[in-house]
Amino acid sequence: GSTREYQFQQVSSDSIERFEVVKSPTPDMDADPIGGAVNMVSKSAFDRSPAVRRIGFSGGGIWRAFDKRSKTPMRNYSLSYSEVFGGNLGVSINYAHRKHYNPITGASSSYANIVPDPAYTYSFTTNDFRMIRDRWGGDIKLDYKLSDHTRFYGTVTQSSHDEHFNLLVENYSTAQTVATRDAAGNL
């Protein structure tokens with residue numbers, strides 16, 4: 001993928017409040033984007049009204065009980081906290097960890113390109129692809145609300161996206177020739 005794709009994969013979705021999609025530029029935007037623009041708005045303690053303390057947790061897991069390759073469940077969770085102090089200082093903290101195991105198996109056969117059927121198989125291949133995707137990240141955002149129209153903020157973000165995979169391939173092949181007998185019965 002491109003560098004921009006890689007940078008987008010590094011963004012923790014738990015730090016994003018909403019996506020704003022603009023199909024055509026507005027007067028306050030650069031005129032560069034041909035197809036529009038996407039603005040990722042980070043979470044803020046002032047996003048919800050009334051601005052009170054909010055604590056959130058979500059968790060889950062993936063377990064493939066009948067797949068012998070999957071030894072342990074993949075655990076996923078996210079935590080969030082936001083609070084407004086004194087009406088004008090907001091704190092927002094978000095963190096998440098997601099681990100996903102993706103096994104893919106497959107097989108393919110190659111057949112002789114001959115006119116009289118049945119065609120014989122000259123190659124058979126199996127694939128066993130195993131990938132573990134591990135993502136974690138979070139942010140801390142401090143907002144200072146000077147007035148209803150003016151805010152100052154600072155954000156610290158850290159994230160990691162790691163993919164580890166193994167590919168096992170087995171290929172069984174023979175020559176693409178078949179022994180035949182001539183008129184005298186010789187091979």
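A few remarks follow.
- To put it simply, the accessible area of the chain at a 1.4 Å probe is 54 percent carbon and sulfur.
- Taking every protein chain into account, the 1.4 Å probe leaves Ile132 with about 60 Å² of accessible area, to the nearest ten.
- For region 121-187, the dipole from Cβ point charges (+1 on Lys and Arg, -1 on Asp and Glu) about the Cα centre works out to 160 debye, to the nearest 20.
- Counting only Cα atoms, the size of the chain along its three principal axes is 103, 46, 22 Å, in decreasing order.
- Calculated from backbone phi, Karplus (6.51, -1.76, 1.60) coupling profile of region 131-138 in Hz, x at Gly/Pro: 10, 10, 9, 10, 10, 8, x, x
- Computed 3J(HN,Hα) for region 72-80, one whole-Hz value per residue from the Karplus formula 6.51 cos²θ - 1.76 cosθ + 1.60 where θ = phi - 60°, is 10, x, 8, 9, 10, 7, 9, 10, 8, glycine and proline marked x.
- For the Cα trace of region 55-100, dividing Rg by the Kirkwood Rh returns an Rg/Rh value of 1.30.
- Stretching the chain fully between Val91 and Arg18 yields a gain of 24.5 nm (0.36 nm per residue, less the alpha carbon separation).
- Reach of Lys68 by Cα under 25 Å, taken over lysines that are not fewer than 8 positions away in the same chain: Lys99
- Farthest toward the positive end of the dipole of the chain, out of Asn94, Gly60, Val38, is the Cα of Gly60, where the dipole comes from beta carbon charges about the Cα centre.
- Only helical runs count toward this figure. For the chain, summing -39,500 (n - 2.57) over DSSP H runs of n ≥ 4 and dividing by all residues gives -1000 deg cm²/dmol at 222 nm.
- Each residue of region 94-101 was assigned a 3J(HN,Hα) from its phi angle through the Karplus curve 6.51 cos²θ - 1.76 cosθ + 1.60 (θ = phi - 60°); the sequence is 9, 8, 8, 9, 10, 10, 9, 10 Hz, with glycine and proline shown as x.
- The residues of region 49-161 present an accessible area of 68 Å² per residue when probed at 1.4 Å with all protein chains retained.
- Take every Cα pair under 8 Å whose residues are at least 6 apart in sequence, average their separation, divide by the length of region 109-156, and the relative contact order is 23 percent.
- Max mean-square fluctuation residue, GNM over the chain, Cα-Cα springs under 10 Å, options Glu83, Glu20, Glu163: Glu20
- Gaussian network model of the chain, springs between alpha carbon atoms under 10 Å - residue of Pro73, Pro103, Pro118 with greatest fluctuation: Pro118
- Top of Gly60, Gly87, Gly36 by mean-square fluctuation, Gaussian network on the chain, Cα under 10 Å: Gly36
- Approximate spin-label separation His161-Asn113, in nm, with each point projected 7 Å along Cα-to-Cβ: 4.0
The values are calculated or read from the model by the stated rules, or taken from the named source; none is laboratory data. These figures come from a predicted structure and were not determined experimentally. FYI the Cβ positions are ideal-geometry reconstructions off the backbone, even for glycines, and counts take in every protein chain you see. All accessible areas refer to the heavy atoms of the entire protein, side chains included, with ligands and DNA or RNA removed. Shrake-Rupley method; radii C 1.70, N 1.55, O 1.52, S 1.80 Å.
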